[in-house]
Amino acid sequence: MKLSELFYSVQGEGKLMGVPSVFVRASGCNLRCTWCDTPYSSWQPEGEDVSVAQIVARVQEQRARHVVITGGEPMIMPDIAELCVAMKGAGMHVTIETAATVFEPIELDLASLSPKLANSTPHDREGGRFVAMHEKQRLNVQVIQQFIDSSPDFQLKFVVSAAADLIEIEELLSQLNGWLPADVLLMPEGIDVEALASRSIWLVEACKRTGFRFCPRLHVLLYGHARGT
Ligand code: SF4
């Protein structure tokens, strides 16, 4: 697997927010979100090929019982299934963070699904040359449903830029089965405290209306927008 970084921190987003976790960040993505907060794993993927055995050994150097396999897009990595089996074999709780555009059966404990809304489309980046590719691939309802149906636990996490995004979220959810409002998390778009704050109050109000969960970005609040956190 091409690895851009591996580090020990606390989970900053979702149902397991605050849980000490080792993050394994695969490098390479099939999308190009305009606001991507890890461009070194998508727009300019960097890193080195590291074997599954080496990744497991590096994870086991930490005290954590939780591992978060993220990206980039981990589900396009050829050895993702092997890595998950190895992590489960090592006794780890495994979260996969994915945009849920690609499915294959894998061993995991929490599928953290982050379908990408229209606000992610990179009209303003590199002359718009990735717009068509991104639009074609960013949403796959069938794949999202496969993750929901096959995972012991899941969450649907949405990056929200503006109030209009809520309409798109509800349209998507109307096509999916087997979820409860508590499985849906709304996260303000932004990579600094000011941007997050500007979207948080009205997003909390939206959560109060819908029963969805408000999802802050704890790592940004703690460390700012910094790699390895
Ligand atoms: S799916 Fe994730 S890693 Fe890929 S471009 Fe979008 S935000 Fe970045």
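The values are calculated or read from the model by the stated rules, or taken from the named source; none is laboratory data. Treat the numbers as computed from the prediction; the structure is a model and nothing was measured. All Cβ positions, glycine included, derive from the backbone under ideal geometry; neighbour counts span all protein chains shown. Each accessible area value is taken on the protein alone, full model and side chains, heavy atoms only, with ligands, DNA and RNA left out. Shrake-Rupley method; radii C 1.70, N 1.55, O 1.52, S 1.80 Å.
So, in segment 180-210, how many residues would count as being part of a helix (DSSP H, G or I), touching a residue at least 24 places away in the same chain (Cβ under 8 Å) and of a type outside the set (A, V, I, L, M, F, W, C)?
4
Quick one: would you say G28 is surrounded by 21 or more Cβ atoms within 10 Å (Cβ to Cβ) and touching a strand residue (DSSP E or B) at 6+ places or on another chain (Cβ under 8 Å)?
no
Sort out which residues of segment 183-199 are of a type in the set (G, A, S) and open to solvent by less than 40 Å² (accessible area, probe 1.4 Å), and write them in order of number.
G190, A195
Does any residue in segment 20-46 that is among the acidic types (D, E) come within less than 7 Å, Cβ to Cβ, of a residue that is assigned to a loop (DSSP other than H, G, I, E, B) and near the ligand (Cβ under 10 Å from one of its atoms) six or more places away or on a different chain, and which pairs are these?
E46/S27
Out of T98, T121, I need the residue that is open to solvent by less than 30 Å² (accessible area, probe 1.4 Å) and either free of Cβ contacts under 8 Å to residues at least 60 places away in the same chain or more than 19 Å from the chain's Cα centre (by Cα) (or both). Which one?
Answer to the check: T98.
May I ask you to list the residues in segment 167-203 that are among the hydrophobic types (A, V, I, L, M, F, W, C) and modelled with pLDDT of 95 or more?
I167, I169, L172, L173, L176, W179, L180, A182, V184, L185, L186
Of the residues that sit in segment 8-25 and are part of a strand (DSSP E or B) and open to solvent by 10 Å² or more (accessible area, probe 1.4 Å), which one is farthest from Q155 (Cα to Cα)?
Here the residue is Y8.
How many residues are loosely packed, with under 13 Cβ neighbours inside 10 Å and aliphatic (A, V, I, L, M) when one looks only at segment 124-135?
1
Checking E5 against (1) open to solvent by 30 Å² or more (accessible area, probe 1.4 Å); (2) part of a strand (DSSP E or B); (3) not small (G, A, S), only one condition comes out false. Which one?
(1)
Within the set of pairs 6 or more residues apart or between chains, which connect a residue that is surrounded by 14 or more Cβ atoms within 10 Å (Cβ to Cβ) inside segment 211-226 to a residue that is at pLDDT 85 or above and among the basic types (K, R) with Cβ atoms less than 7 Å apart?
C215/K157
Out of all the residues in segment 33-44, is one or more under 23 Å from H219 (Cβ atoms), open to solvent by less than 20 Å² (accessible area, probe 1.4 Å) and in contact with a helix residue (DSSP H, G or I) (Cβ under 9 Å, 6 or more places away or on another chain)?
Yes, segment 33-44 contains a residue that is under 23 Å from H219 (Cβ atoms), open to solvent by less than 20 Å² (accessible area, probe 1.4 Å) and in contact with a helix residue (DSSP H, G or I) (Cβ under 9 Å, 6 or more places away or on another chain).
This table checks each residue for (1) within 29 Å of F158 (Cα to Cα); (2) buried (at least 22 other Cβ atoms within 10 Å of the Cβ); (3) modelled with pLDDT under 95.
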{"residue": "A53", "(1), (2), (3)": "no, no, no"}
{"residue": "Q60", "(1), (2), (3)": "no, no, no"}
{"residue": "M75", "(1), (2), (3)": "yes, yes, no"}
{"residue": "E82", "(1), (2), (3)": "yes, no, no"}
{"residue": "P105", "(1), (2), (3)": "yes, no, no"}
